[in-house]
Amino acid sequence: MNIQHYLVAVFTAAVGLTAIAEDPKPTIATFGDYGNFKTQWFAQSDVTSNDWGTHHNAMILDIASNLGTKDIYFVDDGQLGVYLNRFELMDLTDYFADYKSNFYPYAVEKGIDTLGKQRAIPMGSGVGVQFYRTDLMIAAGVSIEQISGTWDQYLQAARTAKQNGYYIVDNSDAILRLYVHSHLENGAFLFEDENGAYNLDRDFYTQAYEFAKIFHDEALAFETGMWNDNWYGAYRGDKLLASVQGIWLSGHLSVWIAPDQINKFAMAQTPGTKSGNWGGTHLIVNKNADMSVIKPILDSLIGGSDKADYQAEFNEYGIVSTRIDMLENYNEVFYKNYLNQTNVNSVIKKSIQDLAIIRTHPLDQYAQTLYFTQYYQMVINDEISIDEAITQMNQLLADRLAELTIN
């Protein structure tokens, strides 16, 4: 090939590349089982998927530049406060207006920033349910009515089960989280008062510590930790009677944590008056994204018209959508193949409907780390009294709030 022919070939290739570039694909960053979806939504996009930790660590660095390399990001609900008020995300209020009535109110509210703008739109639910072993209940000497009853009934069931060699929950901090969530009122923040100032002086924050500490002190919880061999082994063994976790655990149990326990687990309501929220997933959008490019993908992700195909993607991995009209067939395939004689629809529906509608605060993640992990560990190890812990957390949170800059 001579130089003239070579240049013509290069020019022709460049023109072809330019033509392709004129039809850009939306870029999406996701995590976990969402990255395995085989849907046409992702087939039309450039998708990057990682494990939970890698995804969120990369995302915060990416968005912190106020540029971002992706158009759409999947975000764990527990991380939303980090983004909604502290980075300039696209305002999705007008876009989501036509869809919001078909989503559970708690999930819609989670995506609203402190200025009332819809900065995140709901995708998957992390509603808390109780998984229990049907084959161990008689030997443990407890009933489903007790473990799904009042907090007093639940504590007595835990003591009875322990006397018979069983544990009613994997970790005491799961009870701590559920106790707090079950006492929250609609329209509240998780740890703040109605004005957005921190206030852990309300009785139930202290009572939650007291109740969970009983489980730890009397060794009523297995205390396995999470995402480790002890935790997996507890589900594979025959001593863990029940577990309070997000609905997403069903997929992990059936696929890789305890696939051999087919028809041994069933699902029930959590104890107390309301369920808790163990994560879930929202979508946020880069402020610099081209809405004309990403709108078809967003439309299909949250309002897919082919509901059967849309739901099939969620069912395959045991993920519960936050769309109200997606609930009707959750027990048709996935759950009946693994869970034993459970009316999954009624359990999930009641649990989601009972969730408190909680507002998202910029310091949610920091506050949760303090309350559910750092200070709780000091309390159960008798390094600090509950009253001292509450006082110190109030001060730390007030100091951090004073330093916070909200966009």
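The values are calculated or read from the model by the stated rules, or taken from the named source; none is laboratory data. Bear in mind the structure is a predicted one, so any value in this text is a computation, not a measurement. As a convention, Cβ positions derive from the backbone with ideal geometry for all residues, glycine included, and neighbour counts pool all protein chains shown. The accessibility values were calculated without ligands, DNA or RNA, using every heavy atom of the protein model including side chains. Shrake-Rupley method; radii C 1.70, N 1.55, O 1.52, S 1.80 Å.
Considering every pair of different Cα atoms, what Kirkwood radius, in Å, is found for region 189-310?
Numbers: mean 1/r = 0.0527 Å⁻¹.
Its Kirkwood hydrodynamic radius stands at 19.0 Å.
Please report the Cα spread of the chain along all three principal axes, rounded to whole Å, starting with the longest.
88, 51, 41
Relative contact order for the chain: what percent, with Cα pairs under 8 Å and sequence separation of 6 or more?
Values: 669 pairs, mean separation 110.2, N = 407.
The value is 27 percent.
Please find, in a Gaussian network model of the chain (springs between Cα atoms separated by less than 10 Å), the residue of Val293, Val169, Val127 whose mean-square fluctuation is greatest.
Val293
Which of the aspartates and glutamates could a cross-linker bridge to Lys350, judged by Cα under 16 Å and excluding same-chain residues fewer than eight apart?
Answer for Lys350, where 16 Å is the Cα cut-off: Glu145, Asp325, Glu328, listed by chain and number.
Enumerate the amide H contacts of Phe189 below 5 Å, restricted to partners 5 or more residues apart or on another chain; note that Pro and chain-start residues carry no placed amide H.
Placed amide hydrogens put Arg359 under 5 Å from Phe189.
Using +1 at the Cβ of each Lys and Arg and -1 at the Cβ of each Asp and Glu in the chain, identify which of Val75, Gly141, Gln153 lies farthest towards the dipole's positive end.
About the Cα centre, the residue reaching furthest to the positive side is Gly141.
Given 10 Å bins starting at zero, what is the percent of C-alpha pairs of region 126-240 in each, up to the one with the largest pair distance?
Computed distribution, short to long bins: 13, 41, 31, 13, 3.
Express as a percent, rounded to the nearest 5, the fraction of DSSP beta bridges in the chain (both residues included) that run antiparallel. Intermediate results must be reported in sequence, preceding the final value.
Working: 26 of 36 bridges.
Around 70 percent of the beta bridges assigned by DSSP in the chain are antiparallel ones.
In debye, nearest 20, what is the charge dipole magnitude of the chain about its Cα centre with +1 on Lys and Arg Cβ and -1 on Asp and Glu Cβ, if you could check?
Here the size comes out at about 720 debye.
Explain nothing, just compute: Karplus ³J(HN,Hα) = 6.51 cos²θ - 1.76 cosθ + 1.60, θ = phi - 60°, for every residue of region 363-368 in order, whole Hz, x for Gly and Pro.
Once θ is set to phi - 60°, the couplings for region 363-368 become 9, 3, 5, 4, 5, 5 Hz.
Among the lysines, select those whose C-alpha is under 18 Å from the C-alpha of Lys239, and discard any that sit fewer than 8 residues away in the same chain.
Lys162, Lys264
Considering Cα pairs under 8 angstrom that are at least six residues apart, work out the relative contact order of region 116-199 and quote it in whole percent. Each step should come with its number before you reach the end.
Details: 38 pairs, mean separation 12.4, N = 84.
Value for region 116-199: 15 percent.
Which of these, Ile380, Ile319, Ile284, has the largest mean-square fluctuation under a Gaussian network model of the chain (Cα springs below 10 Å)?
Ile380
Using a probe of 1.4 angstrom, how much of the accessible area of the chain is carbon and sulfur, in percent? Spell out each step's value before the answer.
Numbers: 9000 of 17750 Å².
Carbon-and-sulfur percentage of accessible area, whole number: 51.
Compute the signed sum of charges (Lys and Arg +1, Asp and Glu -1) over the other residues within less than 13 Å, Cβ to Cβ, of Val142.
+2
At 7 Å along the Cα-to-beta-carbon direction for both Ala97 and Gln153, put a label point, then send me their distance in nm to one decimal.
Spacing of the two 7 Å Cα→Cβ label points: 4.6 nm.
Identify all lysines with a Cα-Cα distance to Lys25 below 16 Å; exclude those on the same chain that are fewer than 8 residues away in sequence.
Lys25 reaches Lys70, Lys295.
Place a label point 7 angstrom from the Cα of Ala308 along the Cα-to-Cβ direction, then list the residues of region 343-378 whose backbone nitrogen is under 14 Å away.
Backbone N within reach: none found.
Of the candidates Arg177, Arg202, Arg323, which one comes out as most mobile in a Gaussian network treatment of the chain with C-alpha springs shorter than 10 Å?
Answer for the Gaussian network model of the chain: Arg202.
What angle, in degrees between 0 and 90 and rounded to the nearest 10, separates the Cα long axis of helix 386-403 from the longest principal axis of the Cα atoms of the chain?
Helix 386-403 sits at roughly 20 degrees to that axis.
Using just the Cα positions, wrap region 58-172 in a convex hull and report its mean projected area in square nanometres, one decimal place. Numbers along the way, then the final one.
Working: hull surface 42.5 nm².
Directional mean of the projected Cα hull area for region 58-172 stands at 10.6 nm².
Want the number for Leu404 to Gln40: 0.36 nm per residue separation, take away the alpha-carbon distance, what's left? Present the calculation step by step, with values, prior to reporting the outcome.
Details: separation 364, 0.36 × 364 = 131.04 nm, distance 4.09 nm.
In short, 127.0 nm is gained.
Along the charge dipole of region 178-264, Cβ charges K/R +1 and D/E -1, which of Phe189, Tyr232, His216 sits furthest on the positive end?
Tyr232
With every protein chain present, what is the per residue accessible area of region 80-193 (1.4 Å probe, Å²)? List each step's numbers first, then the result.
Values: 4030 Å² over 114 residues.
With all protein chains present, region 80-193 gives 35 Å² per residue.
Can you flag which of Lys110/Lys274; Lys38/Lys117; Lys287/Lys349 are past 29 Å Cα-Cα?
On the way: Lys110/Lys274 17 Å; Lys38/Lys117 32 Å; Lys287/Lys349 34 Å.
With Cα atoms farther than 29 Å apart: Lys38/Lys117; Lys287/Lys349.
Taking the simple approach of a point 7 Å from Cα along Cα-to-Cβ for both Trp256 and Ala139, what is their distance in nm?
Here the answer is 2.8 nm between the modelled labels.
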